[in-house]
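The values are calculated or read from the model by the stated rules, or taken from the named source; none is laboratory data. Quantities reported herein were computed from a predicted structural model and do not represent experimental measurements. All Cβ positions, glycine included, derive from the backbone under ideal geometry; neighbour counts span all protein chains shown. Side chains included, ligands, DNA and RNA excluded: accessible areas come from the protein's heavy atoms. Shrake-Rupley method; radii C 1.70, N 1.55, O 1.52, S 1.80 Å.
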Amino acid sequence: MPPAIELVGISKDFTGHVRAVDDVSLAIEAGHLVCLLGSSGCGKTTLLRIIAGLESPSSGRIMLEGRDITDLPARERNMRMMFQDYALFPHMSVAENIAFGLTIGPARRRLPKADIQARVERYLDMVQLGPQRDRKPHALSGGQRQRVALARALATEPPVVLFDEPLGSLDAGMRRSMQGELRQIHAELGKTFVFVTHDQEEALSMSDRIGVMSGGRLLQYGSPEDVYKRPESRFVAQFLGRSNFLAATVQTAEPGVARLALLNASCIVAGRADLHPGQRVTVMFRANHAVPAGSAPPGALHVEGLATQRRYFGDYAEHTLRLASGEQVFLQTPPDAAIVDGMLRMAVPAARLNVLVD
Amino acid sequence: MLASSRGFPRATFARMSPQMRLKAIWLLPPAAWFVVFLLVPYLITATYSFGHMQSYRYVPGFSLANYARIFTTAPYSGAIAQSAEIGLLTAVFSSILAYPVAMVMAFRVTRAAARSALYLLVILPWWASYLVKAYAWKTILGPHGILNSLLLSLHVVESPITILLYNTASVVLTLTYIFTPFAVLSIYASLERIPASLLEAAEDLGAGGMEIFWRIILPLSVPGLLAGGVITFALGFGDFVAPALLGGADTLMISTIMINLLGVANDRPLASAIGIIIVILAFLLIGVMGWAERRVTVRI
Amino acid sequence: MRAIGSSRALLAACVLVMLFLYLPLFVMVVMSFNAGDSVGLPFTGFSLAWYARLFGNAQIMHAIINSLIVAVGTVAISLPLGVMAAVGLDRYEFPGKAVFRRIVLLPLILPGVITGVSLLNFYIINGVRLSLATIIFGQGTALVCVSLTEVFARLQQLGRSQYEAAQDLGAGESECFFRVILPNISGAVVGAALISASISLDEIAVTYLLTGRQNTLPMVIWSLLRREATPLVNAAGTLMVVATAILVTLGLRLSRSGAEAAE
């Protein structure tokens with residue numbers, strides 16, 4: 001089965017020599033919920049708009065279920081977009097907004113009136129806005145408006161739905177619940193959803209696949225676990241989760257095993273083909289993978305230093321440590337971990353160490 | 001300092017709270033001016049309207065005879081209706097002409113410099129002299145004018161066509177010409193407020209150009225359309241220049257009548273009566289405008 | 001967006017309308033250089049004769065000066081009143097606010113002739129002789145609404161916070177106005193002044209009824225037009241278009257940069 005969406009070498013230049021999207025190639029499987037993740041200005045929204053047909057790429061091709069749609073205008077692509085500001089039509093009621101996509105086009109291609117009504121009802125129920133069907137957008141709350149936008153996009157039953165930072169303007173509580181609802185709707189409908197977001201927690205918790213973008217380029221595309229546990233670049237590692245980076249030198253490198261020197265100690269990690277003795281590399285580990293030194297497994301990397309700052313997060317505390325080597329790391333501990341003479345002694349299991357060759 | 005210079009009773013002023021004092025300072029001068037130069041003149045005019053002329057002298061009175069005359073005898077009764085008709089046609093045609101320009105300004109031209117340039121181009125004819133513009137049409141449409149010269153030289157007609165001049169049609173044409181820039185600005189102000197994302201959403205949902213216009217753009221631009229339309233109507237209604245230069249025997253506008261009454265015919269009471277009627281109509285129009293605006297404005 | 005913006009029919013319609021707008025002006029300008037006597041075709045040759053006659057015509061020259069005097073006087077009256085009323089309307093509630101707004105807007109909707117008649121009656125009752133001053137008072141009253149709407153719109157855009165901040169810092173009312181509010185609305189004020197001036201220069205309805213022995217330019221042109229068609233009118237018209245173009249461009253530049261600087 002062909003991928004739902006396939007991008008081949010998509011680039012987009014804006015006037016003023018700004019390269020917003022730089023040679024992105026991507027294959028999105030049908031039925032997946034995919035997040036394009038990155039900070040503002042990384043090109044993710046531009047890429048989404050190119051997929052939707054609201055911008056045309058400077059080079060490259062787009063395929064929808066195997067068909068080349070690069071030259072098709074937005075209205076002829078069978079995908080719908082949910083806009084960041086919801087873009088509800090202020091002069092139409094909720095029901096009329098939802099029905100809009102079904103009431104356009106030449107009469108002979110439209111569904112019969114009864115069917116349109118039935119569909120509007122169905123999607124009104126799905127987003128739980130039945131009682132508000134006759135209200136105008138300005139009389140709705142932010143969360144309600146968002147559901148109308150969602151129902152409107154879904155009502156035409158497209159195979160692909162695109163979302164431009166849909167949860168950006170909601171408060172934390174609402175975001176959580178909407179994330180759950182969107183996941184549920186996705187599971188129910190089985191369509192392909194593509195999200196754009198800058199919130200890594202959102203991306204990690206909701207998606208089947210994450211595409212991390214920076215500077216217009218797609219840095220990594222994989223499952224949340226892949227991207228989180230096996231980041232392929234420093235940026236990706238830094239973007240997801242709280243990471244630490246330490247300088248290290250390769251001592252020995254053999255097919256299955258490599259020995260690294262760092263923090264005045266030696267450490268054995270899984271081998272990699274691109275390592276050779278004497279090479280300078282970066283070792284990355286997550287702040288929450290540290291364990292107290294006392295309960296460290298054999299072969300763990302010991303990390304200890306002066307605890308200069310402590311931030312309380314309810315479920316855990318994060319400490320800033322100044323190491324003997326002068327480097328600074330962040331480690332998470334249970335909220336009431338003990339600090340002895342201002343020093344914190346932790347260790348990171350070797351399996352949690354990622355070697356990055358930049 | 002301001003208080004004493006206006007001759008305001010100092011005691012009263014001093015007794016007011018600072019807030020009220022401020023309010024008075026800002027609002028009294030314009031309010032006072034309007035009372036003296038707008039309301040009092042209207043009252044005087046109303047007084048005049050109840051009198052009549054006898055042997056070229058004004059005789060004050062207390063009758064509604066003038067008003068009765070206006071509503072029952074020609075040409076007065078017809079003139080108000082005809083002025084309204086011309087005003088309405090002007091408003092309608094200038095709005096129709098204005099839409100393409102306003103839409104191009106709002107949606108097609110995105111760079112600020114180009115938009116300013118287009119804006120300037122649209123405004124310029126509006127600020128060119130009104131008299132001259134009306135007169136220019138006369139030169140174009142007249143028997144020796146450009147249009148006829150062109151048609152004659154191309155042998156499309158044998159003798160100059162006269163249907164284009166000295167009738168209601170030419171008046172409407174000229175007035176439409178004069179007020180189109182204003183309609184453009186009015187409609188543009190409404191269109192500018194429509195967020196681009198609305199149009200993109202409509203396009204994304206599959207709507208074509210005309211559908212987007214009829215279902216999204218037009219409904220949302222109605223406030224600007226109405227505001228501009230009402231003023232264009234009012235200006236067309238009260239015009240006397242265009243009818244004087246280009247109108248014919250069948251074009252009798254209320255302003256022309258008033259000027260005649262104040263000049264040769266010297267019937268100030270009757271003119272005053274017409275004036276009062278129109279003031280009342282204008283007041284009602286403003287009221288209707290306000291009501292319509294409230295009903296039609298959509299909170300974007 | 002692309003569907004609307006790139007429609008060729010729309011662009012064509014727009015161009016046609018713009019041509020329509022500029023055609024008579026173009027004709028007038030071209031004809032003003034016509035060597036012959038006729039106002040319309042034929043175009044017998046290029047000549048500046050009519051401009052020469054225009055400047056040699058004492059009546060017209062006087063009228064231009066009168067028009068300028070009237071314009072300055074009109075702005076001097078309508079601008080301060082309009083600004084004051086705008087501030088009052090923006091900031092305060094008072095009984096009869098709605099009625100006040102309508103009364104102020106009235107001259108905009110009313111045919112100028114009506115405003116003129118009312119003032120004429122007023123002057124007659126008070127035994128005031130008609131002169132440039134009566135014209136100034138008449139136009140000034142009618143044009144207050146122009147300054148009012150411009151400045152009011154800008155004040156609404158501006159909001160209360162700067163004024164309140166200034167008060168909080170201890171500024172008195174006139175300090176607040178001259179140092180905080182006025183700089184922010186300067187664009188609208190200048191724009192309103194220029195618009196009022198342009199309207200005044202071209203005003204004929206109110207002026208017609210309130211003129212004494214001194215004539216303004218529109219009045220002179222009007223009588224010229226009524227008597228006979230002379231190409232003198234084309235020359236005068238062209239000059240007026242050029243003058244207005246300069247005024248309007250200046251005005252827009254100033255009010256744009258004022259608005260940008262304030263933001």
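Tabulated data for the structure shown
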{"item": "Buried accessible area, chains B and A (both chains, 1.4 Å probe, Å² to nearest 100)", "result": "2000"}
{"item": "The stretch C:67-186 - Kirkwood radius from inverse mean 1/r over Cα pairs (Å)", "result": "16.0"}
{"item": "Share of carbon and sulfur in the accessible heavy-atom surface of the stretch B:198-252 [1.4 Å probe, %]", "result": "76"}
{"item": "Chain C - percent relative contact order, Cα under 8 Å, separation 6 or more", "result": "31"}
{"item": "Probe 1.4 Å, protein heavy atoms only - accessible area per residue of chain C in square angstrom", "result": "44"}
{"item": "Under the Karplus curve 6.51 cos²θ - 1.76 cosθ + 1.60, θ = phi - 60°, whole-Hz ³J(HN,Hα) for the stretch A:76-85, x wherever Gly or Pro sits", "result": "9, 8, 8, 9, 10, 10, 9, 7, 5, 9"}
{"item": "In the C-B interface, the accessible area buried, summed over both sides, Å² (probe 1.4 Å)", "result": "8300"}
{"item": "Inter-label distance, nm, simple model (7 Å from Cα along the C-beta direction), C:ALA98/B:ALA292", "result": "1.8"}
{"item": "Cα gyration tensor category, rounded, prolate or oblate, for the stretch A:68-141 with a/c compared to 1.5", "result": "oblate"}
{"item": "Spin-label model distance (nm) - C:ALA153 vs A:LYS113, 7 Å beyond Cα toward Cβ", "result": "4.2"}
{"item": "Cα gyration tensor category, rounded, prolate or oblate, for the stretch B:73-299 with a/c compared to 1.5", "result": "oblate"}
{"item": "Amide H contacts under 5 Å for A:SER243, placed H, 5+ residues apart", "result": "A:ALA287"}
{"item": "Solvent-accessible area, 1.4 Å probe, carbon plus sulfur percent, for the stretch C:58-262", "result": "62"}
{"item": "Residue-by-residue Karplus 3J(HN,Hα) for the stretch A:209-225, coefficients 6.51, -1.76, 1.60, Hz, glycine and proline x", "result": "9, 10, x, 8, 10, 7, x, x, 9, 8, 7, 7, 9, x, 5, x, 5"}
{"item": "Amide H contacts under 5 Å for A:ILE5, placed H, 5+ residues apart", "result": "A:ILE28, A:GLU65"}
{"item": "Mean separation of Cα contacts under 8 Å (6+ apart) over length of the stretch B:73-299, as relative contact order %", "result": "31"}
{"item": "Heavy-atom accessible surface of chain A: percent carbon and sulfur, 1.4 Å", "result": "48"}
{"item": "Kyte-Doolittle at least 0.0, axis length at least 30 Å by Cα - qualifying DSSP helices, chain B", "result": "B:76-103, B:168-192, B:268-296"}
{"item": "Inter-site label distance for A:ASN264 and B:ALA117 at 7 Å from Cα along Cβ, in nm", "result": "7.0"}
{"item": "Helix axis angle, C:112-125 relative to chain C longest principal axis, alpha carbon, degrees", "result": "80"}
{"item": "Inter-chain Cβ neighbour average for residues B:208-217, partner chain, 10 Å", "result": "5"}
{"item": "Cα-based Rg / Dmax (Å) for chain A", "result": "24.6, 80"}
{"item": "Where chain A is the region considered: accessible area per residue in Å², 1.4 Å probe", "result": "45"}
{"item": "Alpha-carbon centroids, the stretch B:22-74 and the stretch A:303-354: separation in whole Å", "result": "88"}
{"item": "For the stretch B:77-116, residues shielded by at least 30 square angstrom of accessible area compared with the chain on its own, probe 1.4 Å", "result": "B:LEU97, B:PRO100, B:VAL101, B:MET103, B:VAL104, B:PHE107, B:ARG108"}
{"item": "Neighbour net charge for C:LEU194 - beta-carbon separation under 12 angstrom, K R +1, D E -1", "result": "0"}
{"item": "Cα convex hull of the protein assembly as shown - mean projected area over all directions, nm²", "result": "54.7"}
{"item": "Cβ-Cβ FRET estimate between C:ARG226 and C:VAL30, R0 fixed at 22 Å, reported to 0.05", "result": "0.40"}
{"item": "Amide hydrogen neighbours beyond the local backbone of A:SER266, cut-off 5 Å, H modeled", "result": "none"}
{"item": "HN-Hα J in Hz across the stretch C:96-107 - Karplus 6.51, -1.76, 1.60, θ = phi - 60°, x for Gly and Pro", "result": "x, 4, 5, 5, 4, 4, 5, 5, 5, 6, 3, x"}
{"item": "Sum of -39500 (n - 2.57) over DSSP H runs of 4+, divided by residues of the protein assembly as shown (222 nm, nearest 500)", "result": "-17000 deg cm²/dmol"}
{"item": "Under the Debye formula (equal points on every Cα, no solvent term), log10 I(q)/I(0) of chain C at q = 0.09 Å⁻¹", "result": "-0.57"}
{"item": "1.4 Å probe accessible area per residue over chain B, in Å²", "result": "44"}
